[in-house]
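The values are calculated or read from the model by the stated rules, or taken from the named source; none is laboratory data. On a predicted model such as this, the values are computed, not experimentally measured, just so you know. Don't worry about glycine lacking a Cβ; one is built from the backbone with ideal geometry, like all the others, and counts go over all protein chains shown. The area values use the complete protein model at the heavy-atom level, side chains included, leaving out ligands, DNA and RNA. Shrake-Rupley method; radii C 1.70, N 1.55, O 1.52, S 1.80 Å.
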Amino acid sequence: MALPLQTGAPGAVAQFLRSLGLPASLADPIAAAVVFIVVLVVVYVGGRALVRPLANRTLDRRDLDEHAKRPLRRVIAIAVGFIAVSVAFGLAGFGNFLQSLATVAAAATLAIGFAMQDVLKNFVAGVFIYTDKPFRIGDWIEWDGNVGIVEDISLRVSRVRTFDNELLTVPNSQLTDGVIKNPVAKDKLRLKFVFGIDYDDDIDEASEIIVEEAERHDGILDDPAPSVRLTELADSYVGLQSRIWIAQPSRADWVKTRAEYVKNVKQRFDDAGISIPFPQRTLSGRAAAADAVQTREIVESEATADD
């Protein structure tokens, strides 16, 4: 059965083919197929030539990493291809077929949507991660009690390697629904550490040592300047909290800098005779006597029960 192609590009091509001696039963479908292929190629190639540079400029203005640009470019290419197919169907005279295809696609999309709610949720979360940029590949992040370095970000999952060298594949929705801590998002990071000294030690001298060792360390910034605050009067020690800043932080830098700094302060404390006390419990004579009386009463009651 011949397609009713009497107008437009398919009609013109079909008329040309019939003039060459082809019967209408062959000329019409061949004409529709030729128009479909030509329009598809022209629209797709032209669309990519126009849309791709515009999309690249937009992505560059967003300052996205290369790993984030790749999937977005893929989505744009798929969108251009879908538009090209739709336009080609329309100009080829497949209007009824396109309407039927759209109806089937809508029903399929609804069914797939219900079946893939989690996948779609993670996909949308991945888009938000690309646009909001709460973290990048190589960042050290913390969430829901987990800590690690981001190794890969896709539109569905992110992969994080823990400091025990375990690879975690995390659905993106888990990284957007809760609070994410990104200590290396900025160019500076403040570190805090509490040094406990004895109640008999000189607080001013200990504070001076803590600041001096911070100023001597190459990895600790002078601006903002190191500082010390008395933050705790505990049972067995006086707590002096040191606050220092490091530049271009990473997990390795943070651990190394703090370890070296604390070690240097401890050595200075030892040289100055400043002790770092351990928890102690003192029993008075009254408490000991009370314990003895209670023990005697228990023994006597057990002896009476035996009699």
Open item on the list: Are there any GluC sites (Glu not before Pro) in region 111-220 that are in a DSSP loop and have at most 11 other Cβ atoms within 10 Å? List them by number.
Closed with: Glu166
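Tell me, what is the per residue accessible area of region 144-283 in Å², probe radius 1.4 Å? If you can, show how the numbers build up before the last one.
Working: 8440 Å² over 140 residues.
Counting only protein heavy atoms, the per-residue value for region 144-283 is 60 Å².
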- [ ] Using the Karplus curve 6.51 cos²θ - 1.76 cosθ + 1.60 with θ = phi - 60°, work out ³J(HN,Hα) for each residue of region 76-84 in order, rounded to whole Hz, and write x for Gly and Pro.
- [x] 5, 5, 5, 5, 5, x, 5, 5, 4
Task: Cut-off under 5 Å, modelled amide H: who pairs with Ala234 long-range - done: Gly239
Task: lysines with Cα under 27 Å of Lys266, excluding same-chain neighbours fewer than 8 positions away - done: Lys188, Lys192, Lys256
- [ ] Using amide H atoms built 1.01 Å from N in the peptide plane, name the residues 5+ places from Arg136, or on other chains, whose amide H lies under 5 Å from its own.
- [x] none
Open item on the list: 5 Å is the cut-off here: which amide hydrogens, built 1.01 Å from N in the peptide plane, fall below it relative to Asp152, excluding neighbours closer than 5 in sequence?
Closed with: Arg159
Open item on the list: Taking θ = phi - 60°, what integer Hz values does the Karplus form 6.51 cos²θ - 1.76 cosθ + 1.60 yield along region 237-245, in sequence order, with x for Gly and Pro?
Closed with: 7, 9, x, 10, 8, 8, 10, 10, 10
Task: Using a Förster distance of 25 Å, the FRET efficiency for Gln241-Asp152 (Cβ separation, nearest 0.05) - done: 0.10
TODO: Can you tell me how much longer the chain between Ala234 and Phe193 gets when fully stretched, taken as 0.36 nm per residue apart minus their C-alpha distance, in nm with one decimal?
DONE: 13.2 nm
